[in-house]
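The structure appears below as structure tokens.
The values are calculated or read from the model by the stated rules, or taken from the named source; none is laboratory data. Remember, it's a predicted structure, so these values are computed and weren't measured experimentally. Cβ placement follows ideal geometry from the backbone for every residue including glycine, while neighbour counts extend to all protein chains displayed. Each accessible area value is taken on the protein alone, full model and side chains, heavy atoms only, with ligands, DNA and RNA left out. Shrake-Rupley method; radii C 1.70, N 1.55, O 1.52, S 1.80 Å.
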Amino acid sequence: MAAEHHTDVCIIGAGPVGLFAVFECGMLKMRCHVVDALDMTGGQCAALYPEKPIYDIPGYPAIDAVELISKLEHQVAPFHPVFHLGRRVEQLLPNGGGWRLALDDGSGVFARAVIIAAGVGAFGPNKPPLKGIERFEGKGVFYLVKRREDFRGKRVVIAGGGDSAVDWALSLAEVAAAVYMIHRRNKFRAAPESVARMEALDKQGKVELVVPYQLTGVEGSEDGLAAVSVATLEGETRRIEADALLPFFGLAMNLGPIAEWGIALDHSHIKVAPATCATNQPGVFAIGDIASYPGKLKLILCGFSEAAMAAHAIHPLVHPGEALHFEYSTTKGVHEL
């Protein structure tokens with residue numbers, strides 16, 4: 001018989017924001033179960049860019065994604081969360097003033113409140129429409145970087161104009177034999193400071209900006225990628241010999257079963273109240289990239305703040321009639337549940 005679990009709060013998503021929600025709930029004496037479709041904690045950080053440096057975490061001028069996840073796991077450890085990894089929530093059903101989350105292995109989690117911290121939902125890369133590119137996927141064409149060392153001494157072509165493309169250009173310039181940055185415009189959408197650093201590397205000959213060009217083709221053999229073709233809108237072409245192509249054109253977002261739970265949506269995001277992160281369903285909250293409200297910023301640090309607001313809004317649901325006297329963590333410390 002499939003297991004049935006009972007807890008105060010069930011968190012969907014074990015990325016950095018979901019993990020920090022465990023901490024905030026634990027500080028308010030609320031126990032948590034955490035469900036994630038991935039077989040590891042960390043969400044996108046662990047799956048897509050474990051070695052990518054993150055620059056906007058307070059107190060850390062730079063911290064690798066995998067290190068951030070490790071520190072969050074250490075931070076939540078005193079509260080003994082229960083993880084259901086490699087599991088997907090198929091249904092969210094009202095149950096006696098709370099909710100039952102039906103998992104894809106037939107088990108269930110009963111919780112008084114639910115926090116959806118599912119990032120972009122089920123995700124996959126947006127792939128460039130290049131003929132034959134699938135032949136080189138995994139042996140020359142990569143949509144994520146798991147180990148920077150894999151590109152040491154390689155000729156790397158990066159395509160894209162956002163933060164991921166620019167950040168990896170900065171990082172791989174330290175280890176690759178050559179880095180070519182392809183973008184269809186002269187301007188990049190990444191953080192201005194990062195773009196300025198990349199342009200400085202271009203002047204130093206450590207990164208070559210190939211703009212305004214677009215990918216037009218890939219060539220190689222069974223052994224792997226050999227070259228990438230690019231062209232301008234005016235038809236000017238160029239062939240770049242390369243060992244690796246990293247197309248960073250964002251992620252394709254799919255809410256999956258979440259879209260069927262009767263939760264109000266806003267273009268594949270969940271509408272929430274800004275002050276509490278509450279959805280239109282009582283006892284269901286959403287935080288992080290999946291949450292939408294006016295002025296929303298998709299930053300990890302904003303997700304951390306939303307985790308705190310949601311936890312405080314959930315407290316009266318889990319502990320009705322119990323007054324919540326706000327205290328700073330420096331005053332009350334961290335105590336195991």
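Annotations for the structure displayed:
- Selected residue [over 17 Å from Leu299 (Cβ atoms) and in a loop (DSSP other than H, G, I, E, B)] from Asp39, Asp8: Asp39
- Entirely in the stretch 80-140, the strands (runs of 3 or more DSSP E) that have 2 or more residues that are at pLDDT 95 or above and under 24 Å from His269 (Cα atoms): 89-95, 98-103, 108-116
- Of the criteria (1) within 27 Å of the chain's Cα centre (by Cα); (2) without any contact (Cβ under 8 Å) to a residue 40 or more places away in the chain, which one Leu215 fails: (2)
- All positions within the stretch 317-337 that are under 20 Å from Cys32 (Cα atoms), open to solvent by 80 Å² or more (accessible area, probe 1.4 Å) and at pLDDT 85 or above: Pro320, Glu322
- Taken together, Ala275, Ala227, Ala291, Ala242 contain a single residue that is modelled with pLDDT of 95 or more, under 30 Å from Ala308 (Cα atoms), among the small types (Gly, Ala, Ser) and open to solvent by less than 40 Å² (accessible area, probe 1.4 Å), which is Ala291.
- Among the candidates Lys29, Lys71, the residue that is over 24 Å from Ala102 (Cβ atoms), outside any helix (DSSP H, G or I) and at pLDDT 95 or above is uniquely Lys29.
- For the stretch 16-42, the set of residues classified as under 27 Å from Asp56 (Cβ atoms), open to solvent by 10 Å² or more (accessible area, probe 1.4 Å) and not hydrophobic (A, V, I, L, M, F, W, C) consists of Pro16, Glu24, Asp36, Thr41, listed by residue number.
- Annotation note: of Glu222, Glu306, the sole residue that is open to solvent by 70 Å² or more (accessible area, probe 1.4 Å) and either touching an Asp or Glu at 6+ places or on another chain (Cβ under 6 Å) or among the charged types (D, E, K, R) (or both) is Glu222.
- Verdict on Val66 being surrounded by fewer than 18 Cβ atoms within 10 Å (Cβ to Cβ) and in a helix (DSSP H, G or I): yes
- Single match in Val166, Val179, Val175 (criterion: closer than 17 Å to Pro53 by Cβ, of a type in the set (Val, Ile, Thr) and part of a loop (DSSP other than H, G, I, E, B)): Val175
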